[in-house]
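A.B. asks: Take this structure, written in structure tokens, and hold onto it; I'll ask about it next.
Every number in this text was worked out from the coordinates using simple rules, so none of it is lab data. Since the model is a prediction, treat every value here as computed from it, not as a measurement. Neighbour counts run over all protein chains shown; Cβ positions are idealised from the backbone, glycine included.
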């Protein structure tokens, strides 16, 4: 019997040569997040039950982000608006997992996002966000390991 695809999701991951608490903090802290990812600014710390905003120079406009869960230094779960989502509220779910590797010298960061319709438009939006989270991981790595803002001038 063939499986029927009802919802699209993806997972990306990468290793960062910093301890898990430092990597978690670089995602949770709006000041750091604004330096390497939300180049238009992040307002609000990623803490359970908070609503924060993220703005990007390459895609202007503040995006509301709801923090569903935050367990320092292991996990952050978010919800934010998407297009062609399978969710009745029109949102997708994003989960960051932080796992220490190499006796704590490095951190494996895994980002998963789900809740798009299994349609052409849903796939286009999922692929776009997959690209965005992959870029975020690369930007996070060079920010923490080398102090470089990778996104500066990259998109605009």
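A.B. asks: So what is the diffusion coefficient of the range 88-145 in µm² per second by Stokes-Einstein at 37 °C and 0.692 mPa s, using a Kirkwood Rh over Cα pairs?
C.D. replies: 251 µm²/s
A.B. asks: What relative contact order, as a whole-number percentage, does the chain give when Cα pairs under 8 Å and 6 or more residues apart are counted?
C.D. replies: Working: 342 pairs, mean separation 44.0, N = 156.
Across the chain, relative contact order equals 28 percent.
A.B. asks: State, in angstrom, two size descriptors of the chain derived from its alpha carbons: Rg to one decimal place and Dmax to the nearest whole number.
C.D. replies: Rg and Dmax of the chain, Cα atoms, are 15.5, 51 Å.
A.B. asks: Another question about this same structure. Nearest 10 degrees, 0 to 90: what angle lies between the long axis of helix 120-146 and the longest principal axis of the chain (Cα atoms)?
C.D. replies: Helix 120-146 sits roughly 0 degrees off the main axis of the chain.
A.B. asks: Then there's this: What is the distance, in nm, between label points placed 7 Å from the Cα along the Cα-to-Cβ direction at residue 87 and at residue 75?
C.D. replies: Distance between label points: 1.6 nm.
A.B. asks: Suppose only helical runs count, i.e. DSSP H with n ≥ 4. What mean residue ellipticity at 222 nm does that imply for the chain under -39500 (n - 2.57) per run, divided by all residues and rounded to the nearest 500 deg cm²/dmol?
C.D. replies: -9000 deg cm²/dmol
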